[in-house]
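Colleague: Please see the structure below; I have some questions.
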Amino acid sequence: MTLTREDIAAFADGQLSGAREAEVAAAIAADPKLQRQVEAHRALKSRLAGHFAPIADEAVPEALAAMLAPRPAEVVDLATARERREAKRRLPRWSWVVGPAIAASLALAVFLPRGGTPEGYADAQLAAVLDSQLVAEQPGNADTRILLSFRDREGAFCRAFSATRGSGIACRDAEGWKLEAVGEGAQATDTDYRMAGAGNAEILARAQRMAAGPALDAEAEALARDAGWR
């Protein structure tokens, strides 16, 4: 029986039931490799839950609460709405591709160097954080926070990060910290409250797919930093 990553994740999260759960459980019990994948998934999920627990416990900021408050029903002008629909139909059919491409380019441009560093690698400011900052020791008000560290399937050290200017995953190689994924940044209000950006969930899911095993614990992360992430 061949299991997909989705099957393994669903089993590890307790989302299967009945005959399907029994089938998947039997296949995993018979394959040590699948057992390790389940353990890695659960370990990473536990690590992420512990990391974001302080954020989840904080009070919702007033600015966000105001955005979520019910608003009076809007009276719609049918003629205006019809004009908007017609305008959308006249847009080029490839505009749905251009929009996301521009957004991705802007997100990537935040971290790409303006000189002196290879294209596609973290700039000096971000690289300094990736080189030295540990998950267990970083200040709560850090502009850039490290979400977790792990080894990818090639054996390279990788780090997922979140910042006001963007989130992403960078992996260490001979040239520096290569950006493997980028996403939206953390949103900051006028208070000390910090909220994970909408792109962080995808970044963390990407990290889980890239990882060869569980995220590094505090001791392993410190050893990797002291060894220059090599």
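The values are calculated or read from the model by the stated rules, or taken from the named source; none is laboratory data. Computed from a predicted structure; not experimentally measured. Cβ placement follows ideal geometry from the backbone for every residue including glycine, while neighbour counts extend to all protein chains displayed.
Colleague: What are the residues in the stretch 24-41 that are basic (K, R) and within 14 Å of T2 (Cα to Cα), if any?
Modeller: Taking the stretch 24-41 first, the residues basic (K, R) are 33, 36.
Within the stretch 24-41, K33 is the sole residue that qualifies.
Colleague: Of everything in the stretch 149-194 that's over 15 Å from A122 (Cα atoms) and of a type in the set (K, R), which residue is modelled with the highest pLDDT?
Modeller: Looking at the filtered set, the residue picked out is R151.
Colleague: Another question, if that's okay. I'd like the full set of residues that are acidic (D, E), part of a loop (DSSP other than H, G, I, E, B) and closer than 13 Å to W229 by Cβ, limited to the stretch 146-178. Outline the logic, then answer.
Modeller: First pass over the stretch 146-178, keeping only residues acidic (D, E): 152, 154, 173, 175.
Okay, now just the ones that are also part of a loop (DSSP other than H, G, I, E, B), so 154, 175.
Correct list: E175 only.
Colleague: Listed residues E62, E23; which is modelled with pLDDT of 75 or more and either farther than 23 Å from A211 by Cβ or of a type in the set (A, V, I, L, M) (or both)?
Modeller: E23 is the lone residue from the list that is modelled with pLDDT of 75 or more and either farther than 23 Å from A211 by Cβ or of a type in the set (A, V, I, L, M) (or both).
Colleague: Out of E23, E39, I need the residue that is closer than 17 Å to D217 by Cβ, in contact (Cβ under 8 Å) with a residue 12 or more places away in the chain and not small (G, A, S). Which one? Quick ask: steps written out before the conclusion?
Modeller: Values: E23 fails: closer than 17 Å to D217 by Cβ.
None of the other options fit; the residue is E39.
Colleague: Oh, and also: Within the stretch 125-145, identify whether any single residue is part of a strand (DSSP E or B), in contact with a Pro (Cβ under 8 Å, 6 or more places away or on another chain) and under 25 Å from A40 (Cα atoms), and answer yes or no.
Modeller: Here is the first cut: in the stretch 125-145, the residues part of a strand (DSSP E or B) are 144-145.
After this cut, where a residue has to be in contact with a Pro (Cβ under 8 Å, 6 or more places away or on another chain) as well, the list is none.
For the stretch 125-145, residues part of a strand (DSSP E or B), in contact with a Pro (Cβ under 8 Å, 6 or more places away or on another chain) and under 25 Å from A40 (Cα atoms): absent.
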